1. Exactly one condition in (1) buried (at least 19 other Cβ atoms within 10 Å of the Cβ); (2) over 18 Å from the mean Cα position of the chain (by Cα); (3) modelled with pLDDT of 95 or more is not met by Tyr312; state its number.
2. State which residue pairs qualify: first residue more than 15 Å from Ser23 (Cβ to Cβ) and inside segment 253-281, second residue within 8 Å of the ligand (Cβ to nearest atom) and at pLDDT below 95 in any location, beta carbons under 9 Å apart, and separation of 6 or more residues or different chains.
3. For segment 228-279, which positions are within 12 Å of the ligand (Cβ to nearest atom), more than 20 Å from Arg198 (Cβ to Cβ), among the hydrophobic types (A, V, I, L, M, F, W, C) and in a helix (DSSP H, G or I)?
4. Restricting to segment 137-161, and then to whatever is in contact (Cβ under 8 Å) with a residue 60 or more places away in the chain and farther than 17 Å from Val200 by Cα, can you tell me which residue is surrounded by the most Cβ atoms within 10 Å (Cβ to Cβ)?
5. Out of all the residues in segment 439-485, which are open to solvent by less than 40 Å² (accessible area, probe 1.4 Å), acidic (Asp, Glu) and in contact (Cβ under 8 Å) with a residue 40 or more places away in the chain?
6. Restricting attention to segment 51-91, and to residues there that are within 14 Å of Ala21 (Cβ to Cβ) and either of a type in the set (Phe, Trp, Tyr) or not in a loop (DSSP other than H, G, I, E, B) (or both), which single residue is nearest to the chain's Cα centre (by Cα)?
7. Given the condition modelled with pLDDT of 95 or more and under 30 Å from Arg318 (Cα atoms), answer yes or no: does some residue in segment 120-128 qualify?
8. Going through segment 264-280 one residue at a time, which ones are crowded, with 20+ Cβ neighbours inside 10 Å and more than 19 Å from Arg161 (Cβ to Cβ)?
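The values are calculated or read from the model by the stated rules, or taken from the named source; none is laboratory data. Owing to the predicted nature of the structure, the values given are computational and were not obtained by experimental measurement. When we count neighbours, we look across all protein chains shown, and the Cβ atoms used for this are built from the backbone with ideal geometry, even at glycine. Please note that ligands, DNA and RNA were not included when accessible areas were found on the heavy atoms of the full protein model with its side chains. Shrake-Rupley method; radii C 1.70, N 1.55, O 1.52, S 1.80 Å.
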Amino acid sequence: MSFYVTTPIYYVNGEPHLGHAYSTMAADVLARHMRQRGEDVFFLTGTDEFGEPVAQQAEREGVTPRELGDRLAPRFKEMAAKVNASNDFFIRTTDEGHQKRVQEVVQQVYDNGHVYEGTYEGWYCPRCADFKTDSEIAEGNTCPIHGIELTREQQDNWFFRLSSFQEPLERLYAERPDFVIPDFRRNEALSFIRQGLRDVSLSRPKLKWGVPVPWDPEQVIYVWFDALLNYYTALSYAREGKDLTETYWPAFHLLAKDILKFHAVYWPAFLMAAGLEVPRGMVIHGYLLMGESKMSKSLGNVLDPFDAIDRYGSDALRFYCFREVSFGRDGAVSAAGFESRYETELANDYGNLASRVLAMVDRYRDGTVPNSEADPAIAEDFKGIVTRFSALLDKTELTVALDEVWTLVRRLNRFVEETRPWDLAKDEDEAGRLDQVLYTLIEGLRVTTLLLLPYLPVSAERLLGALGEEDRGLAELGSRGGGQQIERLGQLFPKLEPATG
Ligand code: MSP
């Protein structure tokens, strides 16, 4: 089976921040988990470089949009590498291969009779590159996302007949109840569709920074259609001389609520119009907040992912974001909260457990894992964890799945305290019980670490190496016997002097 997962492509109108990193890390957790399940995964991220949001920023900075993109796209690429994203390709919408394919698909939509020429007048947000419907206008005639005043715009251009896809979209939502998850986002999208859909602009006349409309070079393709198409076009040129579309399309998209309408309404309609298969599904997550507000460049409340990673490593940041903020909901993050979870959970719960257990096997059994049976109580708590965990990740419940594993990590810590292996080691008659305790702990560590691998790719690799585990597939407790040699391990998450406070 193949699994194709995408992040939004980020506008090159500012430096990447933790909000962008969050989406990329989330998609990476899914990609890594699916690889562990033996799926043939393709993971895409990249940058959105056309349209007004970029052109306007370039103007403010006195550079061309091309120059701005050339400066910032590498920063987003670095960010992906920095958070340890395992993406298979990085798309830039300025790529030749993308533009060519966009034109082909748009031409197809035109040939299929879904495009006409007309005039549009309405309230417009240049930062969203979006005409707002009445229900999307905030108090004082402002954009609910950016808080800026909307401008009255009239445009002569090409239109996409979105209105004629109302019924097909309603049918799609009825037939595929999990097309958009979580449910409350699905309902939001569906009620937007049910309100009645108006046709949308497919092109822009004034703006020159975009992909030319194939049958009318005076116009460029509206940035949202060019951008959405990245998910489809990338497959056609990501690997030289090879078209991956057949192998991987349709995609599973990951994005935040700000761009729900484009992905859950415009995008499937546009694909239908082109005669292409609609996405496999999409998951909508919330915002990371600093204090009460959305983290954003313009609000100046950005927690820099580069700094955090330099200090604590990418695993710590990944772990913190998914553990702290219930995935799908908005949630606040803070430097203090980050440091505290690092200390209590990564360093103490998990890192100490690992080094203690390895040290005990080294000391009491010369580094060889005893052949034994798992302790029945622990076996009971671990029972079915792979199935439970996988089912949660199938629903992209990144936080609930992580919580499940963490409960087991804590259970193992309690097991150490309850069984006191250091006392058992003093008593020859308890040799069998000590074997069982050590075997159970090693198995518990192996099983939890395999599950944690997508969240903590660097430390999990280190620990699996020390456990002598070569396989990366998920495993239930007790599925491996003893006899293997382990190695001692230093601190997985070394203690650091706090940076705050
Ligand atoms: N270029 C469009 C997307 C086109 S996709 C075909 C765009 N770009 S963006 O740079 O504004 O990125 C928006 C996305 O970045 C959000 O949907 C979300 O995935 C991520 N985030 C940006 N800020 C965020 C937070 N504060 N919190 C969580 N995610 C955030 O829109």
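1. Condition not satisfied by Tyr312: (3).
2. none
3. Ala234
4. Ile145
5. Passing the criteria: only Glu443.
6. Among those residues, the one meeting the criterion is Ala80.
7. no
8. Result: Pro279, single match.
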